[in-house]
Amino acid sequence: EVQLVESGGGLIQPGGSLRLSCAASGFGVSNNYMSWVRQAPGKGLEWVSLINSGGGKYYADSVRGRFTISRDNSKNMLYLQMNSLRAEDTAVYYCTRAPMVLRGVRQYYWLDPWGQGTLVTVSS
Amino acid sequence: DIQMTQSPSSLSASVGDKVTITCRASQSISTSLNWYQQKSGKAPNLLIYAASSLRSGVPSRFSGSGSGTDFTLTISSLQPEDFATYYCQQSYIMPPWTFGQGTKVEVK
């Protein structure tokens with residue numbers, strides 16, 4: 001069964017750091033695109049970061065320079081290192097896989113499955 | 001960045017109704033458009049990918065259409081378990097990938 005389980009969330013003061021972890025099972029993180037998506041309380045979904053199968057990394061403008069996505073292929077884990085945290089980073093953070101299908105010359109990506117999420121609260 | 005605009009933001013419907021949600025991209029995204037359903041307190045679930053492909057296991061009452069900048073999610077006959085919030089998401093070329101603001105489907 002393909003599954004993702006996040007951990008590492010909690011209460012952190014502004015300016016602090018936190019590392020989120022995502023344990024994958026049923027597939028390998030090394031040969032998949034993997035992403036983080038967050039959702040502030042009562043708000044919509046916000047894409048945060050992605051790492052592709054070649055190790056290329058992408059970030060939303062709102063977190064670039066503060067967050068770092070990484071993976072450990074041997075442990076089949078995905079991570080999100082979050083530094084210089086701000087109140088507006090308060091959200092449930094979801095780990096998700098981005099499968100791809102090739103149709104003609106175009107690649108199509110989507111997000112599936114999703115983990116259950118881990119809550120990060122940035123407050124003094 | 002590509003902006004995604006959903007309409008309406010919320011709607012009220014009854015069981016058995018046909019429901020249509022639209023999503024508009026700020027520039028052409030071909031058919032790189034996905035739809036998700038999120039129930040309260042739960043993670044989102046994929047419904048439709050590549051604008052019109054139904055995820056395995058998703059009921060056939062859900063369908064997607066569109067290309068370029070205008071897309072539609074249709075629920076042909078609303079069921080009690082379909083009351084939820086629906087999001088569109090573009091995955092055109094490389095990130096940033098963006099979501100619509102969501103459409104909440106409520107009981108009439």
Using R₀ = 35 Å, calculate the FRET efficiency as 1/(1 + (r/R₀)^6) where r is the Cβ-Cβ separation of A:Ser84 and B:Lys104; round to 0.05.
-> 0.60
Cα→Cβ-extended label distance, 7 Å offset, between A:Glu1 and B:Thr74, nm = 3.5
Determine, from the Cβ-Cβ distance of A:Val105 and B:Val15 and an R0 of 35 Å, the FRET efficiency 1/(1 + (r/R0)^6), rounded to the nearest 0.05.
-> 0.25
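At a 10 Å Cβ-Cβ cut-off, how would you order A:Val48, A:Val5, fewest neighbours first?
In order of increasing Cβ crowding within 10 Å: A:Val5, A:Val48.
Please state the relative contact order of chain A as a whole percent: Cα pairs under 8 Å, 6+ residues apart?
Working: 299 pairs, mean separation 43.3, N = 124.
Result for chain A is 35 percent.
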Using the structure shown, select from A:Lys43/B:Lys104; B:Lys18/B:Lys108; A:Lys43/B:Lys108 the pairs with a Cα to Cα distance greater than 19 angstrom.
-> A:Lys43/B:Lys108
Run the dipole for segment A:1-86 about the Cα centre, Lys and Arg Cβ at +1, Asp and Glu Cβ at -1, nothing else charged, and hand back the magnitude in debye, nearest 20.
-> 260
Here, A:Ser70 and A:Lys57, labelled 7 Å along Cα→Cβ, have an inter-label distance in nm of 0.8
Treat the count of other C-beta atoms within 10 Å as a stand-in for reagent exposure and order B:Phe83, B:Phe71 from fewest to most.
-> B:Phe83, B:Phe71
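Read the figures in this text as sums done on the coordinates, not as results from a lab. Not measured: the values here are computed from a predicted model. Reconstructed Cβ throughout: ideal geometry from the backbone, glycine too, with neighbour counts over all protein chains shown.
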